Amino acid sequence: MRAGLAFGEVVINTKKQIVVGQPIVDAYYVESIQEWAGGAFHQSFPYIGSNSALHDMDIPLKDGVTERPDRVLDWVSPLYWGTREQATEDIDKIRSFLGGAVSNSETEVIRRKYVNTLEFLNTRVSYWEGPKRFGSNIS
């Protein structure tokens with residue numbers, strides 16, 4: 001699963017069930033260039049203060065892509081908003097799922113996406129497990 005998020009004006013025709021506008025194109029593009037299970041933001045999406053779910057991070061992109069998404073949706077940080085024990089349990093479940101998906105992938109293209117997702121998870125866990133991070137509002 002991937003997500004691309006963009007912001008801007010769209011035209012909606014509810015009668016014909018049509019939605020058109022540049023944000024639709026931008027969101028589609030940002031979603032389509034990612035090589036992992038995660039989400040990224042187009043540059044049109046407004047920066048929302050110190051929201052810990054938005055980070056300027058490199059994410060894996062498909063070969064040949066030169067324009068990088070503006071920010072990434074950090075889906076790991078919310079795992080740490082509860083107790084350390086719950087975070088550890090949830091992360092172990094996700095690692096188990098992703099590890100199984102890597103092992104059972106039918107193609108190298110699919111396997112690579114799971115590997116990239118697991119690497120992102122491990123990078124964010126390393127950040128949160130660092131000194132004085134857990135339970136703080138540092139992002």
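All of the numbers you see were taken from the coordinates with simple rules; none came from a lab. Note that this is a predicted model, so its numbers are computed, not measured. All Cβ positions, glycine included, derive from the backbone under ideal geometry; neighbour counts span all protein chains shown.
Descriptive notes on the structure:
- Residues D90, D74, D58, arranged from fewest to most other Cβ atoms within 10 angstrom of their Cβ, appear as D58, D90, D74.
- Least to most buried among V25, V102, V109, V72 (fewest other Cβ within 10 Å first): V109, V25, V102, V72
- Cut-off 16 Å, label 7 Å out along Cα→Cβ of V109, residues of the range 1-24 by amide N: 1-2
- Helix runs (DSSP H) in the chain reaching 24 Å along axis by Cα, Kyte-Doolittle at least -0.5: 108-128
- Label sites at S44 and R95, each approximated as a point 7 angstrom past Cα along Cα to Cβ, lie 4.0 nm apart.
- Arranged from fewest to most other beta-carbon atoms within 10 Å of their beta carbon, R71, R95 become R95, R71.
- By the helix-only formula, in which each DSSP H run with n ≥ 4 contributes -39500 (n - 2.57) and the sum is divided by residues, the chain has a 222 nm mean residue ellipticity of -13000 deg cm²/dmol.
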